[in-house]
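Once you've had a glance at the structure underneath, I'll fire off some questions.
Where a number appears in this text, it was derived from the coordinates with a stated rule and is not lab data. If you're wondering where the values come from, they're calculated on a predicted model, not measured in any experiment. Cβ coordinates were reconstructed from backbone atoms using ideal geometry, including for glycine residues, and neighbour counts include every protein chain displayed.
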Amino acid sequence: MATRFVTTFECDASDEFKEAYINCNNKDDIVIIESPVGMPGRAIRNRFIEDISLGIKKPFKCPWKCLKTCDFTKSKYCIALALTNAKLGNLDEGFVFAGANAYLSNKIISVKKLIEELSKEYEIAVLNETKLSNVRL
C-alpha cells in the first residue's frame, strides 16, 4: 500500500522521486537489486542502477557505518547516500525503491483523492466477490 502514497502531494519526497514512479511504464522498469547490506530490494531502473549492474563503483566515503552487514570497503555504492540523494531528487546519484506495482502510478494526487479511489476500488472488489459467490451457489 505504501507505493500508492508516494505519488501524493503530501508525500515529502522530491518531485523528481515522484516522477520516477509516474515515468515507470511497465513491470520491466522495476528490477530486483542486491543492496550493499546483502538484502534484495525492488527499484525503478535508472542510470544509477544500470551503472551498478555493469560493475561501476560509485565513489563515496562512509559517514554512517549504519549496518554491520555492509562492507563499505568492497561495496559499489553507499545505500544510505543513494537513498538520501534520491529522496532529495538527485537521481543521477541515487535510485528509487518501489513496490511491484509502482508502474501503475500515473499522476500525483492528494491523499484525500487516493482514499476516495481506494474506497471505490474496495467497493467494486466486494461487489464482484458477492456476484462471484452467488454464481458458485
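At most 13 other Cβ atoms within 10 Å and a DSSP loop assignment: could you name the trypsin sites (Lys or Arg not before Pro) in the range 85-137 that fit?
Sites meeting the loop and neighbour criteria: LYS107.
Relative to a virtual label point 7 Å from the Cα of CYS11 in the Cα→beta-carbon direction, which members of the range 107-133 show backbone nitrogen distances below 17 Å?
107-118
With 10 angstrom as the radius, rank ARG42, ARG47 by how many other C-beta atoms surround their C-beta, starting from the fewest.
Details: ARG42 15, ARG47 11.
Lowest to highest Cβ neighbour count: ARG47, ARG42.
Tell me which label goes with the value of Kirkwood radius over Cα pairs in Å computed from the coordinates here: [x] 14.9; [y] 16.1; [z] 16.8.
Identified label for the calculated read-out: [z].
Let me ask you something else. Nearest-5 percent of antiparallel DSSP beta bridges in the range 2-110?
Details: 7 of 8 bridges.
That works out to approximately 90 percent antiparallel.
Below 8 Å between Cα atoms, with a sequence gap of 6+, how large is the relative contact order for the chain in percent? List each step's numbers first, then the result.
Values: 181 pairs, mean separation 48.8, N = 137.
Answer for the chain is 36 percent.
Using R₀ = 41 Å, calculate the FRET efficiency as 1/(1 + (r/R₀)^6) where r is the Cβ-Cβ separation of ASP92 and ASN134; round to 0.05.
So, using R0 = 41 Å, E works out to roughly 0.15.
Between LYS113 and SER53, what is 0.36 nm times their sequence separation minus the Cα-Cα distance? Round to one decimal in nm.
Here the segment from LYS113 to SER53 would lengthen by 17.8 nm.
List the pairs from LYS18/LYS76; LYS18/LYS120; LYS58/LYS87; LYS27/LYS74 whose alpha-carbon separation is above 20 Å, in the order I gave them.
In this structure, LYS18/LYS76; LYS18/LYS120; LYS27/LYS74 exceed 20 Å between Cα atoms.
Place a label point 7 angstrom from the Cα of ASN23 along the Cα-to-Cβ direction, then list the residues of the range 93-112 whose backbone nitrogen is under 14 Å away.
93-96
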